[in-house]
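*Asks:* Pasting in a structure now, in C-alpha cells, and then I'll have a few things to ask.
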Amino acid sequence: MSLLHYLVLSPFILAIFIPFLYKWFRNVHTGWFILPLPVILFGYLLTFVTTGQGMDVVMETVPWVPSLGINFTVYLDGLSLLFALLITGIGALVVLYSIFYIANKKDEPLNNFYVYLLMFMGAMLGVVLTDNLIVVYVFWELTSLASSLLIAYWFHKEKSRYGAQKSMLITVSGGFAMLAGFSLLYVITGTFSIQGIIEQSAQVISSPLAVPAMLLVLAGAFTKSAQFPFHIWLPDAMEAPTPVSAYLHSATMVKAGIYLVARFTPVFGGMPEWFWIVSAAGIITLTWGSISAVRQKDLKGILAFSTVSQLGLIMSLLGLGSAALYFDAADEGQFYTFAVMAAVFHLINHATFKGGLFMAVGIIDHETGTRDIRKLGGLMSVMPITFTISLIGLASMAGLPPFNGFLSKEMFFTGVLDATELPIFNMQTFGLVFPVLAWIASIFTFLYCLIMLMKTFFGKYQPEKLEKEAHEAPIGMLISPIILISLVVIIGFFPNILAYTIIEPVMNSILPGFEFEPNIYHWHGLNTEIFMTVGVILFGSLLFLNLNRWQETYFFLRERDPLNQVYDKGLDGLITSAQGITNIQMTGLLRDYFAYMSIFMVGSLIVTMFWFDAFTFDVDFGMMGSVTPYAVIIVVLLAVVSLSLPFIQHRVSAIAVLGVVGFLIALLFVNFRAPDLALTQLLVETVMVVLFLLCFYFLPELKKEDFKPKFRWLNLVIAISVGLTVSLIGVSTLAMSQTDGYESISMYFIENTYELTGGENMVNMILDDFRALDTILEVLVLGIAALGVVALIKMRFKGGEDV
Amino acid sequence: MKTNYLMLHTITRIVALIILSFSVYLFFAGHYTPGGGFIGGLMFSCGLLLLYLSFDLSKIQTVLPIDFEKVIAIGLLIGIGTGLNSMLFGDPFLTMYFDYFSIWPFGEVALTTTTPFAIAIFLVVVGVALLTILTIAGDEA
C-alpha cells in the first residue's frame, strides 16, 4: 500500500472515529475534527503539481481479486490530480463553511452528516484516482449512495426524501448501465485497467461492441453529470443542506460524469458516434438548463439549473474536442484540441464561481430564512460582503470581463465556431447549430444571473416577508466563499498560472500524444467572439427589462421541469405494476409458494438438462462401492417417516416428525463419514424445530382443509415430478462421472489443505480459507435475513394499515 | 396457580453450562477435527436458547443484556476486517496466513488468521439465530 492508497482510504478511516468524537466532545462542533483531513490531503496533492515539463505519472497497485483482474490500482496523472485537488480543496472550504452553517444543536445529527460527507469525499477520491474499472464502479456507486444520504439529511422533510430517492434511482441505474459498459470493454480488451484499454483503443473502436459499450458508459456519465434528459434529479437534490449542494453539485459529484467522459476520450474519441452524442447532449443540456433556470423562483433552483447548463457546456466542449483524435497528432489534429482546453479551463472556473455562489445563497437563506426571489430584495446595504461575493460570482458566470468566466466563455465561443469548420462527420451541415444554440444559451445565462442579482440585492427591502431580521453572516461563514471568489478574480487576471501547472498535464491525459500551448489571453482583437458577447449583454438586458411581458406565458409560469412528469408517472407505474405482480404471486399460502418454487426448479432443471443433453443412465454398477446395511435401514426409515407426514393432523406432531427426518439425514451423513455435516445438520435441525414451534404458537389450530380434487391431483403431480427430477439428475451425474472421467475436486483439497492452510479439517478450511469469500457473503445474507425478520415483525404497522 | 419449575431450572443451569463450554471447545477444535465457527455458533445459540426457554425472556435479558443486532454487525466487521487485513500486506482480499509459534505454557501452537474469521462467523450465526427467534418469541401481537 502506497501513500496514495491511504490517501483514498483516509476519509473512510476517519469516518470510523467520528461517532466517538461526536459523543465524547459534545461541546466541540464535529466539523473541526474533519477539517484537518482535506487540508492535509490538499497540501499533499499540491506536491505533485509541477511547473512545466509535464508531471510524473504515479501508478501503484495493490491486488484485490487478481484472479479476475480486479486490482486496487492508484493512478495519478494530470486529470486525476485536477479532480483530486478540487475534491480536497473545495472539500476543506465546504467543511469550514458547514461548521458555521449547521448549528451544533442536540437535534442535529452532526455525526451522521460528517460520516456521510467523509464517505462521499473518499468515494470521489476513489473514483478519480483509481485505474481499475471495477474499483471505479464501486466508488462510483458509493458516491451515489453517500450523496443521497446527504440529500436526505433532513429526512423528516418529505421533499428531501423525494429528492434523495430520485437522485439515487437515476444515478444508480446509470451506474448499472456503466458497469455493463465496463464489462463489454473487458470483453473487447481483456483488461479492466483504464490505461490498458487506452493502449488498445484502436482495437476497441474497430470492435462491433464498441458502440454499445460506449452508449452504456455514457449512460453512467450522463446520469451522474445531470445531462438532458437525466438532469431532473439535480434541482430536487437542492433539498440538501447548502454546504452539501455547494460540494456535491458544483465541484464534485456532478463532475464525476465529466471526469468519466474526459477519461474515456482517448478510448472512444475520434468515433463519430462519440463526437455527436457527447457534443449534442452537452449543447442541448446547456440550452435547456439555461432556459429552465430563468423559470425558477428559488435561488437554489436557479443555481441548480445553471449547474445543469454549465455541465452541458463542458460536456459539449469535450465532445467537440474529441474530434482531434480523429486525426493524427502530427496531422491537423492540433487545431481541434482547443475545445478540450476550454472545457478543462471552464471546469476549474465553474467550481470556483459556482461554489462561491452556492455558499452566498446559503448565507442569504441562513440569515433571512427564505430563498424565494419574490420575497427577497434590497439586501445590498444589509449584506454588503455577501453582495460583493455574489456580484463577482454572477458576473463570472454570465461571462463578463475581467473574471475567469469571461475567459472560458470566450474560449467556448471559439470552440463552437471552430467546430463549424470541421471537415468531418457532416459538420458543415449541422455545424451552424452549435454556435447558434451556444449563443442563445449564453443570453439566458446572462439573464438568470441578472435576475438573481437584481431580485436579491436591489429593489425594495421587505422585512415583513422574511422569516428573520436580515443581517450580515458571521465571519466564519464568509471565509470560504471569499477564498473561492478571490480565486475567480485571481484566475481572471492571471489565467496563465494554471497553464503549465494544471491545464497542460490534464490535456496530456485527455489527448495523449498532442502538444499544447495553453496560453490564455484577455484580448483577442475584434473577432466574432467579442461581438457575440456584446450581443449576449444587449439581448439579455433587453429581455430583463421586458421581463413582466413574457414571463407570464404558460411555459415560464411552471417552475418544475415538464420532464418530471415522465419520471413521476414512471415511478407510479413501476409501483403499481410491482404490486400487481406481487398480488398474483403472494397469495399468503405457504403451499402456493412451495408449488411455485418447485415448478420453477423442476422446469429450469429439466430444460437445462435436455439442452445440454445431460440425461444419461449408463451407470456401471460394478464401479460403485457397497451399501452398508445401516444406510439401507436409515433410508427405509426416512421413506416411512416422510410418507407418514401428510397424514398428521396436529401441527406440533408434524414438526416433531419433520425433525425426525432431519435427524435421520444427520445419521446418514454419519454413515458416510461426514461428521461435520452431521453435526451441522443436528444443530440446525434443533434450532429449526424451536423456531417452528415458536411460529406455530402464534398460529390458530390446524384445520382440516378441503381441497378440490383437481388441486390435489396437481399437488401429486408436482411432488412426483420433483422427486423424479432430482433422482434422475442424481443418476445422470453418477453415470457421467463414470464415463467422462471428471476428476473430483476433492483430491486437490485432500492434497493441499494442510500445506496451504495449516489446518487438518478440510471442510472447515474450505469454509474459512479456500472459499472465504463465499462464506463471508453467505453470512452477510444471513445477517440481512435476520434484520428482515426484525423489520417485518417489530416495525410493522399496527392495525389494518397496509404499506 | 404459580408453577415452580425447580427441576427444569436446575438441570438447565448445569446443561447450559456444558453446552456452552462444549460449543467453545467445538469452535477451537474446528481447525483439526469436526467443529468450527458455524457449528460452534449454532451450538452456542442452542445453549442460550435453552436458557431462554426455561427461564423467562426478560430475566435472561437482565442477566445477559446482549443486543444481537450489534453482535451481527460486529461479526461482519471482523470478517471483512480479516479480509482487508491481507490487503495491507499487498495480498489479495481474504488471503489467510498461518504459522507456528511457541508460546508458554502451551508449547508450539499454530496461529492462523482463519481464527478471527471463524469468530466472525460464530458471532453472526449466534446473532442471527437468537435475533430471529427472540424477535418472533417476543412479539406481542
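The values are calculated or read from the model by the stated rules, or taken from the named source; none is laboratory data. Quick caveat: nothing in here was measured; it's all calculated off a predicted structure. Don't worry about glycine lacking a Cβ; one is built from the backbone with ideal geometry, like all the others, and counts go over all protein chains shown. Please note that ligands, DNA and RNA were not included when accessible areas were found on the heavy atoms of the full protein model with its side chains. Shrake-Rupley method; radii C 1.70, N 1.55, O 1.52, S 1.80 Å.
*Asks:* Give the aspartates and glutamates reachable from A:LYS569 as a straight Cα distance under 15 Å; neighbours fewer than 8 places away on the same chain don't count.
*Replies:* A:ASP561
*Asks:* Given a 1.4 angstrom probe, what's the average accessible area per residue across region B:5-139, in square angstrom?
*Replies:* 50
*Asks:* Now for a different question. Can you list the DSSP H helices in chain B whose Cα atoms extend at least 27 Å along the helix axis and whose mean Kyte-Doolittle hydropathy is 1.0 or higher?
*Replies:* Sorted by number, the helices that extend far enough and score high enough are B:6-29, B:68-88, B:114-137.
*Asks:* Using a ≥ b ≥ c from the Cα gyration tensor of chain A (square roots of the eigenvalues), is it rounded, prolate or oblate, where a/c under 1.5 gives rounded and otherwise the larger of a/b and b/c decides, a/b for prolate?
*Replies:* Prolate, because a/c is 1.5 or more and a/b exceeds b/c.
*Asks:* Run the quick spin-label model on B:TRP104 and A:ARG161: label points 7 Å from Cα toward the beta carbon, then report their separation in nm to one decimal.
*Replies:* Those two pseudo-labels are separated by 6.3 nm.
*Asks:* State in Å² the accessible area per residue of chain A; use a 1.4 Å probe, count heavy atoms of protein chains only, and round to the nearest integer.
*Replies:* 46
*Asks:* Report the full-extension gain for the segment A:ILE633 to A:TRP550: residue separation times 0.36 nm, less the Cα-Cα distance, to one decimal in nm.
*Replies:* Answer, rounded to one decimal: 20.7 nm.
*Asks:* Counting each DSSP H run of 4 or more residues in the protein assembly as shown as -39500 (n - 2.57), what helix-only mean residue ellipticity at 222 nm follows after dividing by all residues, to the nearest 500 deg cm²/dmol?
*Replies:* So the helix-based figure for the protein assembly as shown works out to -23000 deg cm²/dmol.
*Asks:* Between region A:480-546 and region A:641-683, how far is it from one alpha carbon centroid to the other, in angstrom?
*Replies:* 77
*Asks:* Same structure again: What FRET efficiency, computed as 1/(1 + (r/R0)^6) with R0 = 22 Å and r the Cβ-Cβ distance, is obtained for A:VAL58 and A:GLN200, rounded to the nearest 0.05?
*Replies:* Here the calculated transfer efficiency is 0.50.
*Asks:* State which entries of A:LYS255/A:LYS297; A:LYS166/B:LYS70; A:LYS354/A:LYS460; A:LYS409/A:LYS455; A:LYS157/A:LYS300; A:LYS297/A:LYS460 exceed 19 angstrom in Cα-Cα distance in the structure shown.
*Replies:* A:LYS255/A:LYS297; A:LYS166/B:LYS70; A:LYS354/A:LYS460; A:LYS409/A:LYS455
*Asks:* A further question follows. Using only Cα atoms, locate the centre of region A:1-34 and the centre of region A:151-226, then give the distance between them in Å, rounded to an integer.
*Replies:* Value for the Cα centre distance between the two parts: 29 Å.
*Asks:* On to the next question. Taking a ≥ b ≥ c as the square roots of the Cα gyration tensor eigenvalues, with a/c under 1.5 meaning rounded and otherwise prolate when a/b beats b/c, else oblate, which class fits region A:1-109?
*Replies:* Oblate, because a/c is 1.5 or more while a/b does not exceed b/c.
*Asks:* Say each of A:GLU469 and A:LEU605 gets a label point 7 Å from the Cα, pointing the same way as Cα to Cβ; how far apart are those two points in nm?
*Replies:* Result for the modelled spin labels: 8.0 nm.
*Asks:* Quick one: among B:ILE103, B:ILE72, B:ILE80, which has the greatest mean-square fluctuation in a GNM of chain B with alpha-carbon springs under 10 angstrom?
*Replies:* B:ILE103
*Asks:* A further question follows. With +1 on the Cβ of every Lys and Arg and -1 on the Cβ of every Asp and Glu, and nothing else charged, how large is the dipole of chain A about its Cα centre, in debye rounded to the nearest 20?
*Replies:* So the magnitude is around 3120 debye.
*Asks:* Kindly compute the accessible surface that chains A and B hide from a 1.4 Å probe when together, both sides summed, and give it to the nearest 100 Å².
*Replies:* About 4200 Å² of accessible surface is lost on pairing.
*Asks:* For the residue pair A:ILE720 and B:THR62, what label-to-label distance in nm results when each label sits 7 Å from Cα along the Cα-to-beta-carbon direction?
*Replies:* Here the answer is 6.1 nm between the modelled labels.
*Asks:* Using only Cα atoms and rounding to the nearest 10 degrees, what angle (0 to 90) does helix A:563-585 make with the longest principal axis of chain A?
*Replies:* Taking the Cα atoms of chain A, the angle to A:563-585 is about 10 degrees.
*Asks:* With unit charges on the beta carbon (Lys/Arg positive, Asp/Glu negative), name the residue among A:THR287, A:ASN548, A:ILE634 whose Cα is farthest towards the positive pole of the charge dipole of chain A.
*Replies:* Checked the options; the winner is A:ASN548.
*Asks:* Using alpha carbons only, how many degrees (0 to 90, rounded to 10) separate the axis of helix A:528-545 from the longest principal axis of chain A?
*Replies:* Orientation of helix A:528-545: about 90 degrees from the principal axis.
*Asks:* Let me ask another. Over region A:747-796, what percent of the accessible surface lies on carbon and sulfur atoms, probe 1.4 Å?
*Replies:* 69
*Asks:* Whenever you get a sec, compute what percent of the accessible area on region B:5-139 sits on carbon and sulfur atoms (1.4 Å probe).
*Replies:* Its accessible area is 75 percent carbon and sulfur atoms.
*Asks:* Hey, another quick one. Once you have the Kirkwood Rh of region A:747-796 from its Cα pairs, apply Stokes-Einstein at 10 °C and 1.306 mPa s and quote D in µm²/s.
*Replies:* D, rounded to a whole number, is 125 µm²/s.
*Asks:* Determine the gain in length on full extension of the stretch A:ASN564-A:THR616; use 0.36 nm per residue of separation and subtract their C-alpha separation, reporting nm with one decimal.
*Replies:* Computed gain between A:ASN564 and A:THR616 is 13.0 nm.
*Asks:* Assuming R0 = 51 Å, can you tell me the calculated FRET efficiency for the pair A:THR733 and A:ILE13, based on Cβ-Cβ distance, to the nearest 0.05?
*Replies:* After rounding, the FRET efficiency stands at 0.55.
*Asks:* I'd like the projected area of region A:43-157, averaged over all directions, using the convex hull of its alpha carbons. Report it in nm² with one decimal.
*Replies:* Averaged projected hull area, Cα only: 9.0 nm².
*Asks:* In degrees between 0 and 90, to the nearest 10, how far off the longest principal axis of chain A does helix A:3-24 point, with axes built from Cα atoms?
*Replies:* Orientation of helix A:3-24: about 80 degrees from the principal axis.
*Asks:* What dipole magnitude, in Debye to the nearest 20, does region B:5-139 give about its Cα centre under +1 on Lys/Arg Cβ and -1 on Asp/Glu Cβ?
*Replies:* My answer is approximately 280 debye.
*Asks:* What shape does region B:63-127 have by the C-alpha gyration tensor, where a ≥ b ≥ c are the square roots of the eigenvalues, rounded means a/c under 1.5, and otherwise prolate means a/b greater than b/c and oblate the rest?
*Replies:* Cα axes put region B:63-127 in the oblate bin.
*Asks:* Once you average over the residues of B:120-129, how many Cβ atoms of partner chains fall within 10 Å of each Cβ?
*Replies:* So the per-residue partner count for this stretch is 5.
*Asks:* Now for a separate question. Once Rh is set to the Kirkwood radius over Cα pairs, what Stokes-Einstein translational diffusion coefficient, in µm²/s, holds for region B:5-139 at a temperature of 37 °C and a viscosity of 0.692 mPa s?
*Replies:* 199
*Asks:* Let me ask another. Kirkwood Rh and Cα-based Rg: tell me the resulting Rg over Rh for region A:342-396, rounded to two decimals.
*Replies:* Radius of gyration relative to Kirkwood radius: 1.05.
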